[in-house]
Amino acid sequence: MSRFVDKLPFFDRRSSLMEEAGDIPRSGLLHMHHHQPHHSGLLMQPQPSPPAKQSSFTLAQLLKRVNEARSDASSPTSSPTHSHYTIELGGSVPGSTGSDLSERIGGGGGDGPLLPFVLKFTDLTYSVKQRKRGPCLPVLPFRRGAGEPAEPEVSRMKTLLDNISGEAREGEIMAVLGASGSGKSTLIDALANRIVKESLRGSVTLNGESLDSNLLKVISAYVMQDDLLYPMLTVEETLMFAAEFRLPRSLPTKEKKKRVQALIDQLGLRNAANTIIGDEGHRGVSGGERRRVSIGVDIIHDPIVLFLDEPTSGLDSTSAFMVVKVLQRIAQSGSVVVMSIHQPSYRILGLLDRLLFLSRGQTVYYGPPGALPSFFNDFGKPIPGNENPTEFALDLIRELETMPDGATDLVEHNKKWQMRTAPKAKHHDGHGEKPSLSLKEAISASISRGKLVSGATDGSVSVHSAGESAPAAAVSKFANPFWVEMGVLTRRAFLNTKRTPEIFIIRLAAVMVTGFILATIFWRLDDSPKGVQERLGFFAIAMSTMFYTCSDSLPVFLNERYIFLRETAYNAYRRSSYVLSHTIVGFPSLIVLSFAFALTTFFAVGLAGGADGFFFFVAIVLASFWAGSGFATFLSGVVTNVMLGFPVVVSTLAYFLLFSGFFINRDRIPRYWLWFHYLSLVKYPYEAVMQNEFSDPTRCFVRGVQMFDNTPLAVLPAVLKVRVLRAMSQSLGVDIGTATCITTGPDFLAQQAVTDLTKWDCLWITVAWGFLFRILFYISLLLGSRNKRR
């Protein structure tokens, strides 16, 4: 039978990050009644539940009611009598009553509140295959001994984690230490569910319950070792965009701005709020400030669990201390903080609550920092009084690793130490007497305090307790709908483009210079046979230039690839939103480039068609830019390095030009290569501009004696050419004079085998190629942006 608990004391145990931001009510989901004076540490008398049957509430319902309660409380039209609320948590555990739950949450009076969140990991083991690589060239038979068999390629397993156990609690910082290659980052990845379940053995639980992958993404955050930020955005803009991604649409923009301002103050970034992040070419914030911005981006939604991979790496002592001090405040606001750190200073050591030392994937110490002296004293290696305990421990571990047995003795000593000290620690913490809160209760209570601003507050989260039947998990992956994500991504991309105009200016200059060179070389082409050949050369070079200039789209995604991976790892936005916004932002520049090239070349070369011909030329140039940029974008999703991408783009475009029909006509291409002709991106715009130029049947390109051009008879005198022409007329019985039209535009198209498609067909096929490549880009993001180790 469910009961109602009035103003649970542990809800206000610590100030929440969101409480600083927006003064949002923290009382949770509540039944409305008048204020009654009472002591802040005492529970009100529970009200009786209605006689009607009522099933246990899922977390989704609790979240939805919390959201509704906040909306009611913040609404100016709400009734003044609705000034106090009560959250209903009954039904999480079968048979629990309000008094039982009050005792479990409040700690039963004098003992104080229990820690609601405990992240426990047990016997984590992770191994990877290592192939024994032999020489590049195989050993020849005569180089081996007589009868000696060929040595097979042997794969052996390397253990990165070996039965690692421990726990991290809310309000504390657990630090993972060890030398390079000890397994620190691997352990953080294992806890953050960044290793596929099939490869990782052991268990990771939160409050004794296994974590669903989608739920973990909602309630946690992962801060990578590298600072992956847009260099041209300011600190405030970076955090504001993160807020728009991670905070729900139901939260007003005003509250999001308050959240960002509060976070800036908490991170100590007020003086740098309007400074750009910067990079090698642009001066920006310092290294410590950049690291704090990276942390702020991932904690904007106030996560319950925070993982960090060496957040102090590369920072000076003061900056590193400030970063860890910020992490301590985050932990004290109601979060579980797990971090790896290389070598903490004395001051940083004083901020840490639990230490886990690793050596080649094995635990050599797990416990509080204060127990290090007694631990190593029992091992027979006392720590000198004037030395940093962690530095001493790491130096000793490195020394032991150089020995044949490694740190085996220290690993065994830690096991005995843990068995000896575990009962004392358990009794001291008080967790041996009372059970911790279930995951459902802890998350709902944490949300009522203002934690976990993002996530599904629309009723789409379902979490079951250990005693309940396990329904299908339905966790809302994203905080905002598709169109909101696309709008925010588009605004951010336009802002970045606006602040780096040199990229577009260089691209425009390249197109204009190319157009100017082509215009001056092919100036005012006539309608002679030589003019026809020159037109073909102009079209081939012009259309291939469109694709080659699009190769600069390749580094656009590669430069922000890891930012994309970081943001999508915890569902900041959908991949489809990114692809569409990427397309929208890049399209206006393609229009400008198309008109610039067409205005530079069309009238100077003397192409036909008038206004209709000009606008079709603009359209096919735009379609070429569209398909070319799509092709480069797709390749940027497949390759991971610019140095690999450019050779692929250049060589592939060269093949497209080779099979376009300019060097060899379609009817002359061997059958076994004909398929590549139809795959050539250059084929369709090349044939489109040819048909736009030569489709007029009234336009003549070869008259009378001009038929001898481009033949050995071209060297004959004009009088002799006329005589030959008359002889041909008499022989054929057709009057062929010097002004007789021999070859029209359609005749020339037939000679070039450009007859299978119309110019509009070629235009739409080119446009379709652009769409296809962007769909393939999206698929490559789905398949290639996995954030888990194998």
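The values are calculated or read from the model by the stated rules, or taken from the named source; none is laboratory data. Just so it is clear, the model here is predicted, and its values are computed rather than measured. Cβ: placed from backbone, ideal geometry, glycine included. Neighbour counts: every protein chain shown. Note: accessible area is taken over every heavy atom of the protein model, side chains too, but ligands, DNA and RNA are not part of it. Shrake-Rupley method; radii C 1.70, N 1.55, O 1.52, S 1.80 Å.
Remarks
- Per residue, the stretch 303-354 exposes 30 Å² of solvent-accessible protein surface, assessed with a 1.4 angstrom probe and all protein chains in place.
- Residues of the stretch 232-287: accessible area per residue with a 1.4 Å probe, Å²: 45
- When the chymotrypsin sites (Phe, Trp or Tyr not before Pro) in the stretch 335-367 are filtered for DSSP coil states and for at most 15 other beta-carbon atoms within 10 Å of their beta-carbon, no site remains.
- Mean separation of Cα contacts under 8 Å (6+ apart) over length of the stretch 482-787, as relative contact order %: 26
- Accessible surface computed residue by residue for the stretch 482-787, with neighbouring protein chains in place and a 1.4 Å probe, gives 46 Å² per residue.
- Largest-first principal axis extents, alpha carbons of the stretch 482-787, Å: 84, 40, 32
- Overall, the accessible surface of the stretch 482-787 at a probe of 1.4 angstrom is composed of carbon and sulfur to the extent of 69 percent.
- If you plug the beta carbon distance of Val650 and Tyr346 into 1/(1 + (r/R0)^6) with R0 = 60 Å, you get a FRET efficiency near 0.60.
- When the charge dipole of the stretch 482-787 is built from unit charges on Cβ atoms (+1 for Lys and Arg, -1 for Asp and Glu) and taken about the Cα centre, the candidate among Thr633, Tyr672, Leu657 whose Cα reaches farthest toward its positive end is Thr633.
- Order by protection proxy (mean Cβ within 10 Å, highest first), peptides 506-515, 486-495, 326-335: 326-335, 486-495, 506-515
- Full extension of the chain segment joining Asp747 with Trp764 gains 3.7 nm, where the gain is 0.36 nm per residue of separation less the Cα-Cα distance.
- Using the Cβ-Cβ distance between Ala718 and Phe516 with R0 = 51 Å, the FRET efficiency computed as 1/(1 + (r/R0)^6) comes to roughly 0.90.
- If you count Lys pairs in the stretch 482-787 whose Cα atoms are under 25 Å apart, skipping same-chain pairs closer than 8 places in sequence, the total is 4.
- Simple spin-label estimate for Ile591 and Leu732 gives 5.0 nm between the two label positions (7 Å along the Cα-to-Cβ direction from each Cα).
- Spacing of the modelled spin labels on Arg420 and Phe504, each 7 Å from Cα toward Cβ, amounts to 7.0 nm.
- For the stretch 663-790, the Cβ-based charge dipole about the Cα centre amounts to some 920 debye (Lys, Arg positive; Asp, Glu negative; other atoms uncharged).
- Legend: distances between Cα atoms for Lys415/Lys440; Lys197/Lys217; Lys184/Lys325; Lys184/Lys477; Lys381/Lys416; Lys197/Lys477; pairs beyond 23 Å are Lys415/Lys440; Lys184/Lys477.
- Added length on full extension, which subtracts the Cα-Cα distance from 0.36 nm per residue, Ser165 to Ala608: 151.7 nm
- Projecting the Cα atoms of Val484, Gly537, Phe597 onto the charge dipole of the stretch 463-614 (Cβ charges, centred on the Cα centre) puts Val484 farthest toward the positive pole.
- Restricting the chymotrypsin sites (Phe, Trp or Tyr not before Pro) of the stretch 505-577 to loop positions (DSSP other than H, G, I, E, B) with no more than 10 neighbouring Cβ atoms within 10 Å leaves Trp523.
- Dipole-positive endmost among Val722, Gln752, Val702 within the stretch 693-762 (Cβ charges, Cα centre): Val722
- Assigned charges on the beta-carbon of Lys, Arg, Asp, Glu; the stretch 261-396 dipole about Cα centre (debye): 200
- Value of relative contact order over the stretch 294-349, rounded to a whole percent, pairs C-alpha under 8 Å and six or more apart: 45
- Dipole magnitude of the stretch 482-787 about its Cα centre (Cβ charges: Lys, Arg +1; Asp, Glu -1), debye to nearest 20: 620
- Equivalent ellipsoid of the stretch 272-315: semi-axes from √(5λ) of the C-alpha gyration tensor, largest first, are 22, 13, 7 Å.
- Between Asp123 and Arg249, the modelled label-to-label distance comes to 4.7 nm, taking each label 7 Å out from Cα in the direction of the beta carbon.
- Between the beta carbons of Asn377 and Tyr678, assuming R0 = 56 Å, the FRET efficiency works out to 0.10 to the nearest 0.05.
- Surface composition of the stretch 321-418: carbon and sulfur make up 52 percent of the accessible area, probe 1.4 Å.
- For the pair Ile779 and Ile664, the difference between a 0.36 nm per residue extended length and the Cα-Cα distance amounts to 37.9 nm.
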